[in-house]
1. Is one or more of the residues making up the range 1-19 part of a strand (DSSP E or B), exposed (fewer than 11 other Cβ atoms within 10 Å of the Cβ) and modelled with pLDDT of 90 or more?
2. Give all pairs with beta carbons closer than 8 Å in which a residue from the range 63-75 that is touching a residue at least 60 places away in the same chain (Cβ under 8 Å) and over 14 Å from Glu88 (Cα atoms) meets a residue that is of a type in the set (A, V, I, L, M, F, W, C) and surrounded by 15 or more Cβ atoms within 10 Å (Cβ to Cβ); count only pairs at least 6 apart in sequence or on separate chains.
3. Name the pairs whose Cβ atoms lie under 8 Å apart, with the first residue in the range 78-96 and in contact (Cβ under 8 Å) with a residue 24 or more places away in the chain, the second assigned to a loop (DSSP other than H, G, I, E, B) and of a type in the set (A, V, I, L, M, F, W, C), and 6 or more positions between them or separate chains?
Amino acid sequence: MSDLAAVHAEFVLPPEAVEAIAERTAEIVLAVVEARNRAGAELASPYLTVPEAAALLRAKPQRVYDLLSARRLSRYKDGARVLVAREELDAYLVAKGSSRIAPALPQVSPTRFRRRIAT
């Protein structure tokens with residue numbers, strides 16, 4: 001065996017002490033989470049990639065591309081990446097938040113559609 005002997009200790013705390021420890025722990029955890037959220041908000045980019053914007057919309061990336069094509073959102077390019085302004089996406093969500101049904105994209109006129117097929 002080793003030179004160190006195993007020590008077994010048992011503590012009995014009154015319920016008030018356990019409650020005080022729990023409250024203080026919750027205060028510390030809350031302070032840490034708020035500090036991280038503030039730091040994250042300060043470091044957050046004002047632009048989102050298409051997958052990030054889709055995650056915020058809880059939609060597929062194609063929905064973001066559809067909104068960009070319909071000019072409901074502005075497209076920003078960074079090399080090959082397509083970016084969407086976070087502020088503009090937030091405004092879109094607030095404006096459309098009162099509707100329970102997602103807005104439809106504009107319909108393509110039948111004449112334009114036939115012309116494309118014919119060519």
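The values are calculated or read from the model by the stated rules, or taken from the named source; none is laboratory data. What you see is a predicted model; the values in this text were computed from it and never measured. Here Cβ is always computed from backbone atoms with ideal geometry, including for glycine, and neighbour counts include all displayed protein chains.
1. We begin by selecting, within the range 1-19, every residue part of a strand (DSSP E or B); these are none.
Looking through the range 1-19, none of the residues is part of a strand (DSSP E or B), exposed (fewer than 11 other Cβ atoms within 10 Å of the Cβ) and modelled with pLDDT of 90 or more.
2. Within 8 Å, no pair qualifies.
3. Val84/Leu73; Ala85/Leu73; Arg86/Ala44; Leu89/Leu73; Tyr92/Leu73
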